[in-house]
């Protein structure tokens, strides 16, 4: 279970290095569009326990609630190719009392070219009834410790792609 320590620095971003697998690619050797989601979610699932000492299933069991995706916004910039090593980063870029936005992005191995950017918006809901509920306890502590504070209401994914691509080049 996540226990917030005010003396500790919590990284805002996770990072994984993975290879694009043959079975996940289309006949043109590009990563299949739907497979980006698997790569993003698996990378985050691998990194969160390492960085924060938190298994998400523990939060689900303790608080009898989980996040449900209600919106994905994805931008494919450059294809990821079979056999290519890539970097996958993820971070919570915004949250409020019952919602969060997780940003995932993929780059080439040297982190100079943006390949894909995904925003997943999730609502925190109770198990069983599926009713919206507030982030409390360790869930709230985790979000406060690890999330950024971007104002997602004033930006769109096209602008974010441009900004991120520029950042990677510099």
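The numbers here are math on the coordinates, done by the rules we state, and not lab data. Keep in mind that what you see is a predicted model, and the values were worked out from it rather than measured. Here the Cβ is made from the backbone with ideal geometry for all residues, glycine too, and neighbour counts use every protein chain on show.
If you go through the range 51-61 one residue at a time, do you hit one that is in contact with a helix residue (DSSP H, G or I) (Cβ under 6 Å, 6 or more places away or on another chain) and either under 24 Å from residue 34 (Cα atoms) or free of Cβ contacts under 8 Å to residues at least 40 places away in the same chain (or both)? Scanning the range 51-61 turns up at least one residue that is in contact with a helix residue (DSSP H, G or I) (Cβ under 6 Å, 6 or more places away or on another chain) and either under 24 Å from residue 34 (Cα atoms) or free of Cβ contacts under 8 Å to residues at least 40 places away in the same chain (or both). Against the numbered list (1) out of contact with any helix residue (DSSP H, G or I) (no Cβ under 7 Å at 6 or more places or on another chain); (2) crowded, with 17+ Cβ neighbours inside 10 Å, residue 14 comes up short only at (1).
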